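Only one structure is covered here, and it is reproduced in the block below.
The values are calculated or read from the model by the stated rules, or taken from the named source; none is laboratory data. In this text the structure is predicted, and so the values were computed from the model without any measurement. No Cβ is skipped: glycine too gets one built from the backbone with ideal geometry, and neighbour counts run over all protein chains shown. Calculation scope for accessible area: heavy atoms of the full protein, side chains included, ligands and nucleic acids excluded. Shrake-Rupley method; radii C 1.70, N 1.55, O 1.52, S 1.80 Å.
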Amino acid sequence: MDCNEFKIKGKDMIDYICNYNENLTTRRVTPNIEPGYLRKLLPEDAPYNPEDWDSIMADVEAKIMPGVTHWQHPRFHAYFPSGNSFPSILGDMLSDAIGCIGFSWAASPALTELETIVLDWLGKAIGLPDQFLAFKEGSRGGGVIQTSASECVLVSMLAARAQALKRLKQQHPFVEEGLLLSKLMAYCSREAHSCVEKAAMICFVKLRILEPDEKSSLRGSTLMMAMEEDETMGLIPFFVSTTLGTTSCCSFDNLGEIGSVCKKFACVWLHVDGAYAGNAFICPELKYLLAGIEYADSFNTNPNKWLLTNFDCSTMWVRDRIRLTSALVVDPLYLQHGYSDATIDYRHWGVPLSRRFRSLKLWFVLRSYGISGLQNYIRHHIKLAKIFESHVLKDKRFEICNDVKLGLVCFRLKGSDKINEKLLSNINASGKLHMVPANVNDKYVIRFCVVSQHSTEADIDFAWNVIKEFAEELLDSQAAEKEQELQDEVFELLERKKKETLAHKRSFFVRMVSDPKIYNPSIAKALPSTRRHLTESAQSPDGNVTVQPPLSASWISWPLAFLFQGIAEDRTGSDVPIRFRHLDTKVRLKTAGKTTNDRQSPSPEGDSSRSPKRSPVLTRKLHPAQNENR
């Protein structure tokens, strides 16, 4: 591709970018694909021969875009804003075209000097103390652009560790550095970003995670107690990471209290992470949130979040750049130059050696919008967040779970964590909105962040209507499920009652067989034993029942004969032998007709006086009035 073709294709690309931004609302916020979708669409090997540019762009729309999550979509409300603007895009384009690698002043003087100047501009706008600005008289500080806030935290911890080890080595010159390292302790809040924990892993130091207060703010008293306790145990506090605008709920640690505590301990580095909220401090009415910054040793914020600047652009300032660079200086001969003593070499300010011309895009943004334009942009986002908060507060089914100061609102349905998980899952699966959860005060909450540069009140109203719609569907379905669960519970109770009733009847039947208290007196009199147990064969008074004696004495009751009386009337020509598994007793019920011995057995219907007397209990059980529903 030569310059002439680049002009044509470059114009086509700009047209594509503009069309993409103007028609974002026609796309799903999140892709509807499965992992590995792209592997099936692309060849296994890179093309050997060059391909036509138009076919490449056709594949962008057909194969790449279906798998893109659209962070600039006005319905994208997850995480924090991903800064974007046309001036920033053009600045990155120019940086890519220049293609310089600014690891030192000599490698690209403009890259180094513009970064220093732009960082001073932004530091002043935020309201940082003069000690953090490179060009203030007597200052030892300055600013640098890092890749991300995670790198800012890591670099700060590395500098703090080097400072602490240097001091300990002076005090204990004969103790191995590894042993001294094992004594170092860092601190942060439970609400701090996970990058602090990762930095501690990389630095091989201990990290104590402290509990914030009910407003998710780390307090000085909590830190003081932990540091004193660790000192008593022989550990050495060396680093504290605080947050202004936490990821989960945009809470603010009490920087004034924490800074006062850090001053009471020797050589403790205090870092302040303001990745999202730090950008808002360019607004005078929000500078109160920066109170206590005078205690800090380092501070970072991300213009690539909330200052319309594309990733990557994380800005970091330090109070004393010598304490930072002394931990990271590696100076081989091929990187040295004649102006090292008079200039800044940014390769000593971070982990990577190579650096892009990132200050160009920030410079473009600051000049294109001005501080006032960026202030208006931030205020607009806060206004939209307040509108969303008002929607939530008007609906009694929901609750607000954070103090809404900036552009983040944490809310939830009143109820269990499970129902809120289901609500968020349903909304995200629809592709109409995208939000993410957080844990605030041990509750599952849904984060709603105003993200898009061009978000409007209509977008906020749309989002709230979608949330209400899915909430209503979920609550209705849960009500139906609860009703079904209640019906199932009632059915189970009825079944249990039925089983208990059957068990009771069976128990009564057994008592009829074995309990002498319910004997029929007519049968009892016919038994030869005064103790009323069988020792020889016996017959009932009407001759219908013959009772054979058991091998050992057992109790037997008469009502069984009556129970089988109906069977005797229906059967002719045979006896009905009855044997009980739990008794060594055999009962033979004779039929009402002729027996094998031509012996006439009287019918119970023919002579009621000869019929056995009914057990009063059985009579009660069979009374029609009590069994009309059987």
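The alpha carbons of the range 97-178 give a radius of gyration and a Dmax of 16.9, 54 Å, in that order.
Cβ-Cβ distance of SER368 and LYS166, R₀ of 51 Å, FRET efficiency by 1/(1 + (r/R0)^6): the value works out to about 0.70.
Subtracting the Cα-Cα distance of GLU211 and SER425 from 0.36 nm times their residue separation leaves 74.1 nm of extension gain.
So which chymotrypsin sites (Phe, Trp or Tyr not before Pro) in the range 5-59 pass both tests, a DSSP loop state and at most 15 other Cβ atoms within 10 Å of the Cβ? Counting only loop positions with at most 15 other Cβ atoms within 10 Å, the chymotrypsin sites (Phe, Trp or Tyr not before Pro) in the range 5-59 are TYR37, TYR48. Relative contact order for the range 1-147: 15 percent, from Cα pairs under 8 Å spaced at least 6 residues apart, divided by residue count. Are there any GluC sites (Glu not before Pro) in the range 143-217 that are in a DSSP loop and have at most 12 other Cβ atoms within 10 Å? List them by number. Within the range 143-217, the qualifying GluC sites (Glu not before Pro) (loop, at most 12 other Cβ atoms within 10 Å) are GLU176, GLU214. The residues of the range 221-338 expose on average 34 square angstrom of accessible surface per residue, using a 1.4 Å probe on protein heavy atoms. In loop segments of the range 401-473 as defined by DSSP, the trypsin sites (Lys or Arg not before Pro) with at most 15 further C-beta atoms inside 10 Å of their C-beta are LYS414. A simple rule links phi to the HN-Hα coupling: the Karplus curve 6.51 cos²θ - 1.76 cosθ + 1.60 with θ = phi - 60°, which for the range 192-199 gives 5, 5, 5, 5, 5, 5, 5, 4 Hz, with x for Gly and Pro. Given their separation in residues at 0.36 nm each and the Cα-Cα distance between them, ALA58 and ASN23 gain 10.9 nm when the chain is fully extended.
Could you look at the range 130-284 and say what percent of its accessible area is carbon and sulfur, using a 1.4 Å probe and all protein chains? Within the range 130-284, the accessible surface is 55 percent carbon and sulfur.
Here the range 199-284 has an Rg and Dmax of 13.6, 44 Å, counting Cα atoms alone.
Counting every C-alpha pair in the range 345-396, the share spaced more than 11 angstrom apart comes to 77%. With a Förster radius of 35 Å applied to the beta-carbon distance between ILE33 and VAL330, the computed FRET efficiency rounds to 0.20. Here the simple spin-label model places points 7 Å from the Cα toward Cβ, and for SER260 and LYS383 these points are separated by 3.8 nm.
Protein chains only, probe 1.4 Å: how do ILE371, ILE293 rank by accessible area, largest first?
Numbers: ILE371 65, ILE293 10 Å².
Descending accessible area places them as ILE371, ILE293.
Give, as a single signed number, the net charge of other residues whose beta carbon lies under 15 Å from the beta carbon of THR26, with Lys and Arg counted +1 and Asp and Glu -1. Spelling it out: positives minus negatives among the neighbours equals +1.
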